[in-house]
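Reading through the structure tokens given below for one structure.
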Amino acid sequence: MLMPLSVARSLTEAVRQGARDAGFLGRDGYAVLLRDGAPREQAAVLREMATLSCESPGLRACVLNVVVMRLAQAGDLEQARGVLREMARERLWNPLTYQLAGRLPASASSLEGAPPFPGLVDAGAGSHKYVRAAYHALARASFGDAESILRALEEFSGRSWLKFGAAYEKGAVIDGVLQRLPRRGRPSNVVEYGTFLGYSAIRMARVLGAGARIVTFELDPEVACLAMNLIEFAATGVQIDVWTGQCEDLAPRLVEQVGLHSVDLVYMDHSQITYHRDLAQLEALGVLASDARVVATQGLKPGAPLLAWRLAQAEKAGRCSVEVVSSPDCGCRMMEDWVVTAQIHGQPQDSWEPPEPPFQLALLAAECNLMRWRTAQGLVDERRWNGFVQHVRRGVEQHAGLASARDVWPDASVRDRARRLRFERMDY
Ligand SMILES: C[S@@+](CC[C@H](N)C(=O)[O-])C[C@H]1O[C@@H](n2cnc3c(N)ncnc32)[C@H](O)[C@@H]1O
């Protein structure tokens, strides 16, 4: 159920008050403030976040770049120049900052003290892996060259794994669905759940081409700022809007800002346990275009059994066609994953819910969630995951009646060996 606007406003005010009392906000608090703010307010919140919560100079520079972007969007050019000057004094210009400064009239003369190009290309000692990944890309890629950003991020992930659900073989599957989107005489609209560093958004933009629009949801405001830097640096010509907050709070805005019946493709790569609910919310909001496509990665790792159930039942009811593509998970040779794709049939007019899933499937979904939690605690190694995804595959095949119809494994014998693996249950 959606939160009434009055309750959302009181919550926002409570968060602000809590922040004043505590002296600073956690990331969740900033996410709430950013979700509700206009560009000028967002700039103020981000400026506070940069000062109070971003220790790494690299992260601070990225957040302040977004402050400059928001102020420019709001028409506050003098303030934007003020932030650039502040950044120059702190030696916080990174390769994107030069591009932003170049767009502000008279900036060159008024921004004395700017460090020589390219400025900051190292995230700074002790920076989080995500910040280092962003700087790895900013330092190596060229402005306006989306390919070079994607390559740099893949290279970083090859050495120090990053959760890109749209890279490698799976990326090609998603590219294929985008290439086959129906032409409607208007630019395509895509909604992405889970921006992370913007890899998949940039990759999708490259396939969609100029004029299209991507709205992408990201819960973590710091990660969202890193993504906005890379997206701006890629300059794809596609309008990519990163909306910060919980996806279920953000989705209702699609009605006003993208329009009813106008989302052509939904790409999900956020929290697999809620995929089915999030899709149901989009259907109920009426934002999906006729014959819209749904693409969900990580169908097996950690697994989305309840989405599999919803789509399998919808297919039975003649509401969509489903195709599951089996692939190695990004960079992991023996780990199977599924990209679950669906084409909705026409324009759903009535509200529809599938029957309750069987108990075994609900239990499997809970196990998937537990594995996610265990992984976050560093308790699960790759070998154990290789077995777990097979446990999920068998469960979904048996209890949801969904199986892969196509695969993109470079070597089918590896897939067959992977499919013989068993999950050794964990007692912790
Ligand atoms: C696997 S990453 C996305 C990867 C990205 N699509 C790519 O391939 O470049 C998942 C992201 O979803 C975000 N996320 C998780 N749950 C979310 C939610 N409920 N609402 C919005 N974002 C969420 C996480 O913070 C994380 O950055």
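The values are calculated or read from the model by the stated rules, or taken from the named source; none is laboratory data. Every value quoted in this text rests on a predicted model; they were computed, and no experiment measured them. When we count neighbours, we look across all protein chains shown, and the Cβ atoms used for this are built from the backbone with ideal geometry, even at glycine. Ligands, DNA and RNA are stripped out before the accessible areas are found, and what is left, the full protein with its side chains, is counted by its heavy atoms. Shrake-Rupley method; radii C 1.70, N 1.55, O 1.52, S 1.80 Å.
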Can you list the helices (runs of 4 or more DSSP H) found entirely within region 28-147 that contain at least 1 residues being open to solvent by less than 60 Å² (accessible area, probe 1.4 Å) and under 22 Å from Phe196 (Cβ atoms)? 39-53, 57-73, 95-103, 129-140
Tally time: how many residues in region 309-338 are of a type in the set (A, V, I, L, M), open to solvent by 10 Å² or more (accessible area, probe 1.4 Å) and closer than 21 Å to Gly171 by Cα? 2
Criterion (hydrophobic (A, V, I, L, M, F, W, C), out of contact with any Leu (no Cβ under 9 Å at 6 or more places or on another chain), within 11 Å of the ligand (Cβ to nearest atom) and touching a residue at least 24 places away in the same chain (Cβ under 8 Å)) met by exactly one of Leu162, Leu150: Leu150
Can you name the number of the only condition in (1) open to solvent by less than 50 Å² (accessible area, probe 1.4 Å); (2) touching a strand residue (DSSP E or B) at 6+ places or on another chain (Cβ under 9 Å) that Glu169 fails? (1)
Go through the residues of region 187-207 one by one and say whether even a single one is of a type in the set (A, V, I, L, M), more than 10 Å from the ligand (Cβ to nearest atom), at pLDDT 95 or above and surrounded by fewer than 23 Cβ atoms within 10 Å (Cβ to Cβ). yes
Residue list for region 209-247, restricted to those being under 14 Å from Ala133 (Cα atoms) and within 9 Å of the ligand (Cβ to nearest atom): Val223, Ala224, Ala227
By residue number, the members of region 248-279 that are among the β-branched types (Val, Ile, Thr) and near the ligand (Cβ under 9 Å from one of its atoms) are Thr274
Tell me yes or no: at least one residue of region 291-301 is assigned to a helix (DSSP H, G or I), within 15 Å of the ligand (Cβ to nearest atom) and either more than 20 Å from the chain's Cα centre (by Cα) or aromatic (Phe, Trp, Tyr) (or both). no
Which of the residues spanning region 240-268 are within 19 Å of Trp309 (Cβ to Cβ) and either open to solvent by 10 Å² or more (accessible area, probe 1.4 Å) or touching a Phe, Trp or Tyr at 6+ places or on another chain (Cβ under 7 Å) (or both)? Met268
Residue pairs within 8 Å by beta carbon, gap of at least six or interchain, first lying in region 220-237 and among the hydroxyl-bearing types (Ser, Thr, Tyr), second surrounded by fewer than 24 Cβ atoms within 10 Å (Cβ to Cβ), listed first then second, are Thr236/Ala146; Thr236/Arg206; Thr236/Ala210
